[in-house]
Amino acid sequence: MTPSTFENLWQEVLSEIKNKLGEKTFNIWFNEFSPKTFIHNSLKIEVPSKFVKDWIEKNYFQTICQIIKSKFPEVKAVEIIVNSEKTTIIRQKSTVFKRLQSLALKTSKGIFDINPQTNLNPRYRFDNFVVGKTNELAFTACQAVVKNLGSLHNPLFIYGPVGVGKTHLLQATGNEICKIYKNLKVKYITTEDFTNQFINSIKNQSVEEFRFRFRDVDVLILDDVHFLSGKISTQEELFHTFNFLYNLSKQIIFSSDRPPALIPDIEERLRSRFEGGLIVDINPPDFETRVAILKMKAQEKGLELENEILEYIAEKFTNNIRELEGVLSSIYFESQLNKKITLEIVKEIIKRFSKEVYRKFTPRKIIKTIVNHYELKEEEVLLKKIRNKNLVQIRQILIYLLREYAQLSYTSIAELLKKDHTTIIYSYEKVVEKLKTDEALKQEIEILKSKLNEV
Ligand code: ADP
Ligand code: MG
């Protein structure tokens with residue numbers, strides 16, 4: 001058989017499959033269905049992922065074998081194989097964003113190394129922190145702390161919502177202290193790490209060593225202490241660490257997403273320690289500050305943007321500086337391809353950006369997307385008993401999406417699907433676990449995400 005007759009016959013196979021199963025099913029499962037080899041009367045067909053392979057084998061194998069045999073009578077065996085190369089290509093296409101982020105991470109890693117002793121990242125400095133009305137007090141307080149270590153504001157407690165520069169300020173303060181007082185021991189740590197290290201030290205019977213690590217410092221900076229909520233034994237440990245350092249007039253700095261009085265499930269005696277020094281808040285930057293921040297960050301990247309563009313971005317993103325930085329990274333990425341960045345391009349990028357990251361979906365929309373994508377009936381997805389393995393996986397994907405993209409609690413998902421709470425947690429964690437290694441599943445979820453974004 002010549003290649004061209006093969007190709008023609010294959011096209012006939014495809015159109016027959018399309019006729020038989022309908023265009024929609026065809027587009028979902030057979031878009032990348034292509035013959036790989038035809039040796040010893042055995043035809044190997046490639047598909048882009050294991051998930052697609054399983055699905056086709058479960059549901060359409062007989063049909064396609066019949067069709068193939070009617071066109072290629074000499075075919076004795078049909079085998080579906082996964083082309084992992086395709087998987088990665090598709091995946092990469094649909095996760096431009098992730099690649100971007102990892103690119104940004106990579107490029108920043110080489111230049112800025114986190115100091116293992118202090119945990120400080122030299123990228124955070126006072127001189128690259130833009131001061132505006134909403135962060136001025138916190139900034140001034142940090143500078144005052146540097147000048148009057150352990151005496152003026154102790155502890156210093158800074159609180160504010162996500163992405164307003166708390167970590168930046170805390171770390172900048174630490175870096176400045178290291179610069180000025182060369183011999184002082186500064187330690188920065190997130191409360192989450194503090195908690196984990198404490199728990200591990202109990203497990204490994206090295207609590208003494210843990211205590212020493214956090215008491216043998218001159219400045220302790222603890223980020224995001226709201227994380228302590230409900231963690232009684234870590235609270236107790238921190239209480240004693242605090243007293244130890246405080247009594248030696250060592251400087252302590254805390255940050256949190258809310259003031260001490262509003263952190264739930266926290267011991268009174270620890271709360272009163274948090275409240276014992278200066279408490280300052282920090283809020284999302286105003287328009288002028290946002291423009292100034294953008295200008296500085298663009299310059300850092302060597303990116304020249306007109307004021308009109310900076311102002312446009314600053315108008316669109318009002319709360320979180322991390323979002324501003326995300327947009328700038330995308331623009332930077334685009335500038336590598338396009339050279340001149342116009343307002344039009346920026347609008348396009350922001351549109352894409354908002355879709356990818358910030359859009360929340362309703363549970364209804366997620367269920368509908370799943371139902372359409374897998375050509376199922378709603379009852380099949382939501383019903384209590386599940387018939388086959390594929391449906392189990394689809395149900396798990398649904399739970400994952402509901403949690404990640406509709407931000408539903410486990411309890412609400414349990415109610416919605418009429419399942420118990422532990423099953424829901426198990427399913428969700430199962431997907432999270434699989435996603436670490438299963439490229440096919442990752443791709444599947446990317447496809448669903450792009451479908452969610454379609455309307
Ligand atoms: P938070 O800890 O409050 O969630 P971060 O300190 O992580 O926020 O800030 C998020 C990002 O925004 C960081 O990259 C930080 O450098 C940057 N950022 C925040 N505020 C400012 C500012 N006033 N000037 C410059 N960069 C800022
Ligand atoms: Mg932070």
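Taking each DSSP H run with n ≥ 4 as -39500 (n - 2.57) and averaging over every residue of the chain yields -18500 deg cm²/dmol at 222 nm.
Considering only 114, 19, 170, and ranking their Cα positions along the charge dipole of the chain that arises from unit charges at the beta-carbon of Lys, Arg, Asp and Glu, the one farthest toward the positive end is 19. Computed from point charges on the beta carbon alone (+1 for Lys and Arg, -1 for Asp and Glu), the dipole magnitude for the chain about its Cα centre is near 880 Debye. How far is helix 3-21 tilted, in degrees, relative to the longest principal axis of the Cα atoms in the chain, given as a value from 0 to 90 rounded to the nearest 10? Here the helix axis deviates by roughly 80 degrees. Using the alpha-carbon atoms, what tilt in degrees (0 to 90, nearest 10) does helix 439-452 show relative to the longest principal axis of the chain? Its long axis makes an angle of about 90 degrees. Overall, the range 359-454 carries a charge dipole of about 200 debye about its Cα centre when +1 sits on the Cβ of Lys and Arg and -1 on the Cβ of Asp and Glu, all other atoms neutral. Couplings 3J(HN,Hα) for the range 376-381, derived from phi with the Karplus relation 6.51 cos²θ - 1.76 cosθ + 1.60 (θ = phi - 60°), are 10, 8, 4, 4, 5, 6 Hz, where x marks Gly and Pro.
Taking only C-alpha pairs under 8 Å that are 6+ residues apart, what is the relative contact order of the range 388-452 in percent? Once divided by the residue count of the range 388-452, the mean separation gives 30 percent. Electrostatic tally near residue 133: other residues with Cβ closer than 9 Å to its Cβ, Lys and Arg +1, Asp and Glu -1, net -3. Each Lys and Arg adds +1 at its Cβ and each Asp and Glu adds -1 at its Cβ; summed about the Cα centre, the range 102-250 shows a dipole of about 320 debye. Just to be sure I follow the definition: excluding the sites themselves, where is the longest run in the chain that has none of the trypsin sites (Lys or Arg not before Pro) in a DSSP loop with at most 13 other Cβ atoms within 10 Å? That would be 183-338. Per-atom-type breakdown for the chain gives carbon and sulfur 52% of the accessible area (1.4 Å probe, protein chains only).
With a threshold of 24 Å on the Cα-Cα distance, the over-threshold entries among 347/442; 166/316; 18/69; 133/297; 24/50 are 347/442. The angle between the Cα long axis of helix 166-180 and the longest principal axis of the Cα atoms of the chain comes to about 50 degrees, rounded to the nearest 10. Stretching residue 299 away from residue 61 to a fully extended chain increases their span by 80.0 nm, per 0.36 nm per residue minus the current alpha-carbon distance. Suppose we flag GluC sites (Glu not before Pro) only when DSSP calls them loop and at most 10 other Cβ atoms lie within 10 Å. Which is the longest uninterrupted stretch of the chain? With a cap of 10 other Cβ atoms within 10 Å, the longest stretch comes to 75-453. Dividing the mean sequence gap of close Cα pairs (under 8 Å, 6+ apart) by how many residues the range 187-328 holds gives a relative contact order of 19 percent.
Using all pairs of distinct alpha-carbon atoms, the Kirkwood hydrodynamic radius of the chain works out to 26.2 angstrom.
On the basis of the beta-carbon distance and an R0 of 22 Å, residue 181 and residue 125 show a calculated FRET efficiency of 0.85.
The values are calculated or read from the model by the stated rules, or taken from the named source; none is laboratory data. Everything quoted here is computed from the prediction, not taken from an experiment. A quick note on method: Cβ atoms are made from the backbone with ideal geometry, for glycine too, and the neighbour counts reach across all protein chains shown. Only protein heavy atoms, including side chains, enter the accessible area calculation; ligands, DNA and RNA are left aside. Shrake-Rupley method; radii C 1.70, N 1.55, O 1.52, S 1.80 Å.
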